[in-house]
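Structure record follows, encoded as structure tokens.
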Amino acid sequence: MFWWLFLFIFIDAFQIVLLHLFGESPIAVDMFLNVVTTNATEVNELLGNLIPAVLFVFVIYGGGIALSICSIKNQSIIALKFRQSVRHITLTGLLISGILVVTNYSIDKRFELLDDVFPVNGCYNLYLSFGRYADGANYHNTSSGFTYSAYSTRPDSVPEVYVMVIGETMRATNMGIYGYHRNTTPMLNKMSSDLAIFSDALTMSNTTHKSVPMLMSPIASEQFDSLYTQRGILTAFKEAGFETSFYSNQRRNGSFIDFLGSEANDAVFVKDSVSIVDNVSDSTLLVLLNKKIHNLKSKKLFVILHCYGSHFNYSDRYPEEYAFYKPCTVVSADKEYRNILINAYDNTVRYTDYLLWRITKALEGIDAPSVMLYTSDHGEDIYDDYRNRFLHASPTPTFNQLRVPFLIWTSKQYQNKYPELWTTLQSNCKKPISTSLVAFHTLLDMGGINAKYFCPEHSLCNKSFTVTKRLYVTDHNDYKPLDDVGLRQVDIQQFKQNNLRFP
Ligand SMILES: [Zn+2]
């Protein structure tokens, strides 16, 4: 029986770990995909800090596995009396479950067997994840004929440099420039006159493998599934005559980030050349950027830097000498160590702040108009309220997973050359935006590119920019309004306290 039911046993064990992490919701399609798109380092760092849940699962299910192997080996048969009593318990359980399901159907119109009944939802999501994985594997065929027909609207071909920095797990709540009580962004504060800081920015997804492709493509202005037939922003810039680079400090994981990143003329995954136990600092990306911009000839350049930013384990994300808030050695990711986790997290924010400042310094050093856009794929929960949520990518999002920074820095040369774009950008700073929706269109517009799929109403430097209802991509890839994605009262309060629009 144990081995016949192994699929359910696997799903049960997985679910227990997730309940420990998120406290609610079934195993999502994204969670299954995370298993195949994550990497050994990430798993190590995460599991190493979830010892209680993992131990519990190991004892219960490891014990079961051992017992079942023994009884197969010894050909032992369970006593009839025992089987009968288990049968009774099971049938009673099924009967109660049946009554509960019928009751739920009659009182809640949104109740769905495939979404709300465990383990049906877990199995259904596992089935969907196979389909999604296959769609991804077939991407090179389904996107092969795609073109943006992009062209530059600027007559001259003088050098211009655009750098898109995609952060990881950075929540705006812990950034000094977003009103945090600690000054975690001293460098950004200093250069704020050249920054357009978007105060009300939300991501449309709390998972890396969805959010990053959205930032790198126009799919947020269409259906999510158009991801399978389109190419990304690197192709648009390339078609418009730009040289393009993609430098990543994350491991390849077979997701769309790899596919879209590989569209660049020059794609480097810095972790390709290091072993899985080695840490690589995000400053490696700066070295690559520096090399690129100093060899800039007459070309226009577009670079994407994909950081590892503030991903757990936080204390591994910055060099020791950048440990500003102490103590910050994470011994366990348990809520009783929240202070240490926050210190370590804030150190990652300060390190990112330093990195962004170095990037702008590098850009100031070249004789060309330049732009740096910084945002993060999603935020993070760090045991912030009674729900005791930790990390991100939970099936239902939270305020802190959705609210991310969105900043655009422009050089003086750029401001002088395109004053109208710069002032329009600043005039839109207080408006509510979806980072996943505006990043693509704003960057194209700032770079003077016109293309199929370019929508001026989603460009923050365009006079026709229009505020739209903010949406969230569900686990089943539907776009839903914010008041229908499981945010709780404590999240909505945070919107109010921070003067952000909801829904
Ligand atoms: Zn992420």
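Taking segment 177-195, which residues are open to solvent by 20 Å² or more (accessible area, probe 1.4 Å) and in a helix (DSSP H, G or I)?
Once the filter is applied, which keeps residues that are open to solvent by 20 Å² or more (accessible area, probe 1.4 Å) and in a helix (DSSP H, G or I), segment 177-195 yields ILE177, TYR178, PRO186, MET187, ASN189, LYS190, SER192, SER193.
Test each condition in (1) more than 16 Å from the ligand (Cβ to nearest atom); (2) open to solvent by less than 30 Å² (accessible area, probe 1.4 Å) for THR142 and report the one that comes out false.
Unmet condition: (2).
Would you pick out the residues in segment 117-133 that are open to solvent by 80 Å² or more (accessible area, probe 1.4 Å) and part of a helix (DSSP H, G or I)?
Residues satisfying the conditions are TYR127, PHE130, TYR133.
What do you reckon, is ARG350 among the charged types (D, E, K, R), under 27 Å from VAL270 (Cα atoms) and away from the ligand (no atom under 16 Å from the Cβ)?
yes
Among the residues of segment 96-110, are any open to solvent by 100 Å² or more (accessible area, probe 1.4 Å) and under 25 Å from PHE224 (Cα atoms)?
Yes, segment 96-110 contains a residue that is open to solvent by 100 Å² or more (accessible area, probe 1.4 Å) and under 25 Å from PHE224 (Cα atoms).
Name every residue in segment 145-172 that is out of contact with any His (no Cβ under 7 Å at 6 or more places or on another chain), within 16 Å of the ligand (Cβ to nearest atom) and not β-branched (Val, Ile, Thr), in order of residue number.
Across segment 145-172, the qualifying residues are MET164, GLY167, MET170, ARG171, ALA172.
Open to solvent by 40 Å² or more (accessible area, probe 1.4 Å), within 20 Å of MET175 (Cβ to Cβ) and away from the ligand (no atom under 15 Å from the Cβ), is that true of PHE324?
Against the criterion (open to solvent by 40 Å² or more (accessible area, probe 1.4 Å), within 20 Å of MET175 (Cβ to Cβ) and away from the ligand (no atom under 15 Å from the Cβ)), PHE324 qualifies.
When only residues in segment 459-502 that are of a type in the set (Ser, Thr, Tyr) and over 19 Å from the mean Cα position of the chain (by Cα) count, which is surrounded by the most Cβ atoms within 10 Å (Cβ to Cβ)?
SER459
Mind checking which residues of segment 366-386 are in a loop (DSSP other than H, G, I, E, B) and either among the acidic types (Asp, Glu) or within 16 Å of the ligand (Cβ to nearest atom) (or both)?
ASP367, ASP377, HIS378, GLY379, GLU380, ASP384, ASP385
In segment 84-128, how many residues are at pLDDT below 90 and basic (Lys, Arg)?
Looking only at that region, the number is 2.
May I ask you to say which residue of ARG83, ARG87 is open to solvent by 100 Å² or more (accessible area, probe 1.4 Å), among the charged types (D, E, K, R) and over 27 Å from THR396 (Cβ atoms)?
None of the other options fit; the residue is ARG87.
With segment 387-496 as the region, which helices (runs of 4 or more DSSP H) entirely inside it contain at least 1 residues that are more than 27 Å from GLU243 (Cα to Cα), within 16 Å of the ligand (Cβ to nearest atom) and not acidic (Asp, Glu)?
399-402
So which residues in segment 472-481 are closer than 22 Å to PRO405 by Cβ and out of contact with any Asp or Glu (no Cβ under 9 Å at 6 or more places or on another chain)?
Answer for segment 472-481, where residues must be closer than 22 Å to PRO405 by Cβ and out of contact with any Asp or Glu (no Cβ under 9 Å at 6 or more places or on another chain): just VAL473.
Of all the helices (runs of 4 or more DSSP H) wholly in segment 196-302, which have at least 3 residues that are open to solvent by 10 Å² or more (accessible area, probe 1.4 Å)?
Per the criteria, 233-239, 256-261, 283-294.
I'd like to verify a number: residues in segment 62-79 that are of a type outside the set (D, E, K, R) and either touching a strand residue (DSSP E or B) at 6+ places or on another chain (Cβ under 9 Å) or open to solvent by 100 Å² or more (accessible area, probe 1.4 Å) (or both), how many?
5
Determine whether LEU33 is in contact with a strand residue (DSSP E or B) (Cβ under 7 Å, 6 or more places away or on another chain) and at pLDDT below 85.
Criteria not met by LEU33.
The values are calculated or read from the model by the stated rules, or taken from the named source; none is laboratory data. Since the structure is predicted, the reported quantities are computational estimates derived from the model, not experimental observations. Here the Cβ is made from the backbone with ideal geometry for all residues, glycine too, and neighbour counts use every protein chain on show. Quick note on the areas: whole protein, heavy atoms, side chains included, nothing else; ligands and nucleic acids left out. Shrake-Rupley method; radii C 1.70, N 1.55, O 1.52, S 1.80 Å.
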